[in-house]
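Here's a structure for you.
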Amino acid sequence: MINKYIGAHVSSSGGVEHAVENAKAIGAKAFALFTRNQRQWTPPPLKQENIERFKELMHEYGFSADYVLPHDSYLINMGNPDGAMREKSSLAFRDEMKRCELLGLKLLNFHPGSHLNTISEEQCLTYIAEEVNKALEATSGVKAVLENTAGQGSNLGFRLEHLAYIIDKIEDKSRVGVCIDTCHTLSAGYEIRTPEGYKHFWSEFDRIIGLSYLSGIHLNDSKKELGSRVDRHESMGKGTMGMELFRMIMNDPNLDNLPIILETPDESLWAEEIQTLYTLIETN
């Protein structure tokens with residue numbers, strides 16, 4: 001039996017508890033959120049009343065922390081070649097991990113980092129692993145979930161080997177995972193739209209990283225074509241993906257019991273997109 005948990009990256013504006021309400025409103029079984037203002041380096045701490053209300057609504061609406069995939073701030077770059085900026089990013093990431101702890105959440109999704117055309121890919125990936133290790137040491141119970149990237153600019157993480165390199169250097173491997181973004185995967189050059197390409201990608205993922213590390217999916221169509229190295233999400237079925245990819249994902253038992261999160265650009269379509277995805281599940 002296929003067991004899928006679909007949702008979207010919903011707004012937490014006005015307090016983290018509103019993310020739970022917004023997820024419920026679109027018929028989600030999973031969701032993503034920012035636990036802090038992602039445009040600020042040092043936002044104010046979470047208030048106790050917001051934490052308590054978040055937990056109350058999680059229970060009331062039947063959401064499990066297993067299917068909530070918070071996203072860290074886009075300001076963070078733990079591979080930054082500048083030591084002071086890398087430390088600033090590292091402290092911000094630790095703060096995000098601690099916020100997840102306070103909310104009773106188990107995962108924190110993040111983009112690995114960028115070398116800014118100043119240091120080697122290997123050095124940048126090593127820095128990222130070092131900073132993740134520090135964050136894991138300073139926190140407990142929250143898994144750091146690396147997201148693959150489109151490879152735009154100097155961003156790393158667009159090759160499966162980049163993610164494997166970081167994971168290899170993580171000391172507590174029980175607290176590191178991977179989130180695969182479908183738009184990023186196609187843009188990075190992996191053909192996942194055909195049954196053959198889809199099967200090959202996951203075979204490579206298992207060989208290079210290991211399916212046991214898979215902790216979430218960002219389910220997005222793409223405005224750009226295969227190998228463009230440009231990160232431009234599109235609404236489901238309106239981009240270059242075609243619907244076959246979405247059907248394959250919904251019927252793939254290897255992707256059961258994971259948070260599957262839409263980051264498609266038109267949030268007015270999220271409820272409809274979630275419903276459409278569930279109709280793609282084949283019952284026989």
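The values are calculated or read from the model by the stated rules, or taken from the named source; none is laboratory data. Just so it is clear, the structure is predicted and the values come from calculations on it, not from any experiment. Using ideal geometry, Cβ is built from the backbone for each residue, glycine included, and neighbour counts are taken over all protein chains shown. Note: areas computed on protein heavy atoms with side chains; ligands, DNA, RNA excluded. Shrake-Rupley method; radii C 1.70, N 1.55, O 1.52, S 1.80 Å.
So, by mean Cβ neighbours within 10 angstrom, what's the order for 11-22, 48-59 with the highest one leading?
Details: 11-22: 19.2, 48-59: 15.7.
Final packing ranking: 11-22, 48-59.
If the cut-off is a Cα-Cα distance under 18 Å, which lysines reach Lys224, setting aside same-chain residues fewer than 8 apart in sequence?
Lys224 reaches Lys238.
Taking amide H atoms as placed 1.01 Å from N in the peptide plane, list the residues 5 or more away in sequence, or in a different chain, whose amide H sits under 5 Å from that of Asn109.
Placed amide hydrogens put His71, Asp72, Val145 under 5 Å from Asn109.
Here's something else I'd like to know. Per residue, how many Å² of accessible area does region 64-259 show with a 1.4 Å probe?
Details: 7360 Å² over 196 residues.
On a per-residue basis, 38 Å².
Continuing with the same structure: Quick one: work out the % antiparallel among DSSP beta bridges in region 64-259, nearest 5. Mind dumping the intermediate values first?
Numbers: 4 of 17 bridges.
Close to 25 percent.
Return, ordered by residue number, the residues of region 1-24 whose backbone nitrogen is under 20 Å from a label point located 7 Å along Cα→Cβ of Asp256.
1-7
Specify, per residue and in Å³, the volume enclosed by the convex hull of the alpha carbon atoms belonging to region 183-269.
Values: hull volume 8.0 nm³, N = 87.
Convex hull volume per residue, Cα atoms: 92 Å³.
Any lysines with Cα under 24 Å of the Lys106 Cα? List them, leaving off those in the same chain fewer than 8 positions away.
Cross-link targets: Lys4, Lys24, Lys29, Lys47, Lys55, Lys88, Lys98, Lys134, Lys143, Lys169, Lys173.
Moving on to the next point. Leaving out ligands, DNA and RNA, what percent of the accessible area of the chain is carbon and sulfur, probe 1.4 Å?
Accessible surface attributable to carbon and sulfur in the chain totals 47 percent.
Still on this structure: Pop out the Kirkwood hydrodynamic radius of region 64-259 from its pairwise C-alpha distances, inverse of mean 1/r, in Å to one decimal.
Numbers: mean 1/r = 0.0593 Å⁻¹.
Computed over region 64-259, the radius equals 16.9 Å.
Using +1 at the Cβ of each Lys and Arg and -1 at the Cβ of each Asp and Glu in region 116-220, identify which of Ala164, Ser203, Thr149 lies farthest towards the dipole's positive end.
The listed residue farthest towards the positive side: Ser203.
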